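Presented below is the structure to which this report refers.
The values are calculated or read from the model by the stated rules, or taken from the named source; none is laboratory data. Note that the structure is a prediction, hence the values are computed from the model and not measured. So basically every Cβ, Gly included, is an ideal-geometry build from the backbone, and we count neighbours across all protein chains shown. SASA here: full protein model, heavy atoms, side chains in, ligands and nucleic acids out. Shrake-Rupley method; radii C 1.70, N 1.55, O 1.52, S 1.80 Å.
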Amino acid sequence: QVQLVESGGGLVQAGGSLRLSCAASGRTFSTYLMGWFRQAPGKEREFVAAISRSGGNTWYADSVKGRFTIFRDNAKNAVYLQMNSLKPEDTAVYYCAAERAVYTTDPNRYDYWGQGTQITVSS
């Protein structure tokens, strides 16, 4: 099992930047595909980004490509989401998640979830 705790959320103006962190427990962090998802009020949870076990491969939703960067530090059991050029439509609760699959953007495939952190982007 792995436990995940996100941090770094907050309020930011449009065009600003934030970095989210997700700390994982356990000794097997490097065996998990890690993903970031978000959920806005009244909307379904959607894929934002994912990173392979080694960190060598990354995937992004079209809506964040070129603005967000996912990276991980397996030595620190952590995954990050650097968010630049934030837009009001990025406002949501952001979750990190872990899965043993090689690659998936389907939130239903992820086994472990953090509690979420709120990002609010003001216009």
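Data for the structure
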read-out	value
Theoretical gain in end-to-end length, residue 46 to residue 1 [0.36 nm per residue, Cα-Cα removed]	13.9 nm
Cα gyration tensor shape for the stretch 71-117, rounded if a/c is under 1.5, else prolate or oblate	oblate
Under 13 Å from residue 43, Cα to Cα: aspartates and glutamates that are on another chain or at least 8 residues apart	89, 90
The chain: relative contact order as a whole-number percent, Cα under 8 Å and 6+ apart	36 percent
Area of residue 43 that stays accessible when all protein chains are in place (1.4 Å probe, Å², to 10)	140 Å²
Full-stretch length increase - residue 73, residue 28 - with 0.36 nm per residue and alpha-carbon distance subtracted	14.9 nm
Fully extended contour minus Cα-Cα distance, from residue 89 to residue 19, at 0.36 nm per residue	23.5 nm
Overall form of the stretch 23-123 per C-alpha gyration tensor (a/c, 1.5; a/b vs b/c)	prolate
Probe 1.4 Å, accessible area per residue of the chain, Å²	51 Å²
Residue (of 54, 70, 33) at the positive-pole extreme of the stretch 22-111, dipole from beta-carbon charges	54
Rounded percent of accessible protein surface that carbon and sulfur make up, the chain, 1.4 Å probe	45 percent
Inter-label distance for residue 53 and residue 111, nm, one decimal - labels placed 7 Å from Cα along Cα-to-Cβ	1.2 nm
Anisotropy class of the stretch 9-50 from Cα gyration tensor, a/c 1.5 cut	oblate
The stretch 50-91: Cα Rg divided by the 2.2 N^0.38 Å rule of thumb	1.25
